[in-house]
Amino acid sequence: MDDKKRVCISFIGAGKAGVSLGAYFRSKGLEISGYLSRSRKSAISAAELTSSKAFTALSDLAAASDIIIVSTPDGAIAEVWEELRKCDIRDRIVCHLSGSLSSDIFDGIAAKSSFGYSVHPMFAFSGKDGYFEGVEKACFTLEGAKEKLGEVREIFMRTGNRIFVIDKSKKALYHASNVMVSNLVTALLSIGTESFEKCGVKKEEAIEALLPLIRGNIENIAKKGFPGSLTGPVERNDTDTIMKHLDVMEEDERLIYSLLTKKLAKLSKVKHPGRDQSKLLELLEKNL
Ligand SMILES: NC(=O)c1ccc[n+]([C@@H]2O[C@H](COP(=O)([O-])OP(=O)(O)OC[C@H]3O[C@@H](n4cnc5c(N)ncnc54)[C@H](OP(=O)(O)O)[C@@H]3O)[C@@H](O)[C@H]2O)c1
């Protein structure tokens, strides 16, 4: 894919990720051939937002595209592929956007002389109105056929996004890691603010009051790394305070608190290698 080669990208599934990415790619000068979706209305709206075409037949979409992105929900990718593989897709790059599924879902793609990839945006798209602010900073994780991996990478060289290339056998672990640092953090924040409610602070006020703490912590991690950003009772090896915390918690919270504190203790050991953590670790083990 040299600079002068025209590359047309189409999307099957005009939802949040498909529309936002189409609008983003277009803003970066990539050509969008169009959209096909379950409902014609979605395809037309996406096509209008990206100055492209609303297709009604997969064969027309395939004929007009070099790169076909299946942007349906994960559960529909296999059925879309079953239909797409009936079209002439010779030499086409076929991608999906799922974080957990690998390119193996494009069963028999080599026999169609096409090339399959998973291209996962590490980003949360929440609307299908063509808004893409923040995507520029997102990383995209790729895996798939060796033959055209360079061409898929080239898209992101053009947009300026960072990419990771991983092995397909690692996709479940990779996706679990994404969930761990995003969705599970949501759960942790929710548990924390619920406890504030028990202290008589309204949930909405608690979230607002906690944001500087949360943001400051993330910024510190970015600046100083994990051990360097540690604060709090584990960092101070203050087992008495941790014991008091555990005494006032419900069973589930105690378990989560103890497991995460054990991980913090490991980080703290990196920062303070000579420190004796035996009292703390003994307390945690009793609560696991
Ligand atoms: N949203 C995110 O933050 C995000 C982030 C990273 C990756 N992803 C991945 O992106 C993909 C799409 O997720 P999404 O959040 O964009 O989902 P979504 O908003 O639900 O959009 C999916 C679209 O696919 C269409 N669709 C469903 N079944 C179809 C079929 N059989 N044929 C054609 N079109 C079909 C629906 O179209 P109609 O409107 O026409 O009914 C819907 O608008 C998933 O693989 C997801 O894992 C999403």
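The values are calculated or read from the model by the stated rules, or taken from the named source; none is laboratory data. Everything numeric here is computed off the predicted structure, so don't read it as measured data. Don't worry about glycine lacking a Cβ; one is built from the backbone with ideal geometry, like all the others, and counts go over all protein chains shown. The accessibility values were calculated without ligands, DNA or RNA, using every heavy atom of the protein model including side chains. Shrake-Rupley method; radii C 1.70, N 1.55, O 1.52, S 1.80 Å.
Remarks
- Elements of type helices (runs of 4 or more DSSP H) in segment 127-222, at least 1 residues being more than 28 Å from Ser42 (Cα to Cα) and under 17 Å from the mean Cα position of the chain (by Cα): 171-181, 183-198
- Criterion: β-branched (Val, Ile, Thr) and more than 16 Å from the ligand (Cβ to nearest atom) - qualifying residue of Val7, Val19: Val7
- Candidate set: segment 100-130, residues that are acidic (Asp, Glu) and under 16 Å from Trp81 (Cβ atoms); chosen: the one farthest from the ligand (Cβ to nearest atom): Asp107
- Residues of segment 95-117 that are within 26 Å of the chain's Cα centre (by Cα), open to solvent by 50 Å² or more (accessible area, probe 1.4 Å) and over 16 Å from Thr141 (Cβ atoms): Asp107 alone.
- Single match in Asp74, Asp88 (criterion: surrounded by fewer than 22 Cβ atoms within 10 Å (Cβ to Cβ), in the same structural domain as Val19 (by TED's automatic domain parsing), within 8 Å of the ligand (Cβ to nearest atom) and without any contact (Cβ under 8 Å) to a residue 60 or more places away in the chain): Asp74
Yes/no matrix, rows are residues, columns are (1) without any contact (Cβ under 8 Å) to a residue 24 or more places away in the chain; (2) β-branched (Val, Ile, Thr):
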| residue | (1), (2) |
| --- | --- |
| Lys223 | yes, no |
| Phe226 | no, no |
| Thr231 | yes, yes |
| Glu235 | no, no |
| Met243 | no, no |
| Leu246 | no, no |
| Ala265 | no, no |
| Lys269 | yes, no |
| Glu282 | yes, no |
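- Residues of segment 59-71 that are of a type in the set (S, T, N, Q) and within 14 Å of the ligand (Cβ to nearest atom): Ser71 alone.
- For segment 125-166, taking the residues that are among the polar types (S, T, N, Q) and open to solvent by less than 20 Å² (accessible area, probe 1.4 Å), the one that is nearest to Phe106 (Cα to Cα) is identified as Thr141.
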